[in-house]
Amino acid sequence: MDKLLRVRDIVRDKKSNTFGYLPISKSAWWKGVAEGKFPQPIKLGPKTTCWLESDVVALINKVEG
């Protein structure tokens, strides 16, 4: 079963100095989503947006491969 990831799980967080799956900023992630370069989100509610972990891993494998 796929895990659901929030944006804070995917990108780096300057406030807590933690890294997610990708070493990019939150704004770079959202720009990539808007341009169709990154996976489209799943809306769980008006303020809750997630992505499937398998989609994020597939993106990483595509970039690395």
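Each residue of the stretch 31-41 in turn: what ³J(HN,Hα) in whole Hz from Karplus with 6.51, -1.76, 1.60 and θ = phi - 60°, glycine and Pro shown as x?
5, x, 5, 5, 7, x, 7, 10, x, 6, x
Amide H to amide H under 5 Å from ILE24: which residues, 5+ apart in sequence or cross-chain, H placed 1.01 Å off N in plane?
Answer set, sorted by chain and number: ARG12.
LYS47: which lysines have alpha carbons under 26 Å from its alpha carbon, excluding same-chain residues fewer than 8 sequence positions away?
Partners found: LYS3, LYS14, LYS15, LYS26, LYS31, LYS37.
Can you list the HN-Hα couplings for the stretch 7-13, worked out from phi with the Karplus curve (6.51, -1.76, 1.60; θ = phi - 60°), rounded to whole Hz and with x for Gly and Pro?
4, 5, 7, 8, 10, 6, 10
Based solely on its DSSP helices, what 222 nm [θ] is calculated for the chain when runs of n ≥ 4 H residues each add -39,500 (n - 2.57) and the sum is averaged over all residues, nearest 500 deg cm²/dmol? Mind showing how you got there, number by number?
Numbers: 3 runs with 25 residues, N = 65.
The per-residue figure over the chain is -10500 deg cm²/dmol.
Averaged per residue, what accessible area in Å² does the chain show with a 1.4 Å probe, protein chains only? Write down the numbers at each step before the final one.
On the way: 4780 Å² over 65 residues.
That works out to 74 Å² for each residue.
Relative contact order (percent) for the chain, with alpha-carbon contacts under 8 angstrom and 6 or more residues of separation? It would help to have the intermediate numbers written out before the result.
On the way: 75 pairs, mean separation 21.7, N = 65.
The normalised contact order for the chain reaches 33 percent.
Contour minus end-to-end for LYS37 and ASN61, with contour as 0.36 nm per residue of separation and end-to-end as the Cα-Cα distance? The partial results should precede the final answer.
Values: separation 24, 0.36 × 24 = 8.64 nm, distance 1.37 nm.
Residue separation times 0.36 nm, minus the Cα-Cα distance, leaves 7.3 nm.
Mind running the shape call on the chain? Use the C-alpha gyration tensor, a ≥ b ≥ c as the square roots of the eigenvalues: rounded below 1.5 for a/c, prolate if a/b tops b/c, oblate otherwise.
Numbers: a/c = 1.28, a/b = 1.01, b/c = 1.26.
Note, shape of the chain comes out rounded.
For the chain, with all protein chains present and a 1.4 Å probe, just round the carbon and sulfur fraction of the accessible area to a whole percent.
Working: 2660 of 4780 Å².
With neighbouring chains kept in place, the figure for the chain is 56 percent.
For every other residue with a beta carbon closer than 12 angstrom to the beta carbon of LEU5, add +1 if it is Lys or Arg and -1 if Asp or Glu, then tell me the sum. Walk me through the numbers on the way to the answer.
Numbers: positive: LYS3, ARG6, ARG8; negative: ASP2, ASP9, GLU53, ASP55.
Counting the neighbours of LEU5, the net charge comes to -1.
The values are calculated or read from the model by the stated rules, or taken from the named source; none is laboratory data. It should be emphasised that the depicted structure is a prediction, and the values quoted were computed from it without experimental measurement. Glycine also receives a Cβ, built like all others from the backbone with ideal geometry; neighbour counts cover every protein chain displayed. With ligands, DNA and RNA removed, areas are computed over all heavy atoms of the protein, side chains included. Shrake-Rupley method; radii C 1.70, N 1.55, O 1.52, S 1.80 Å.
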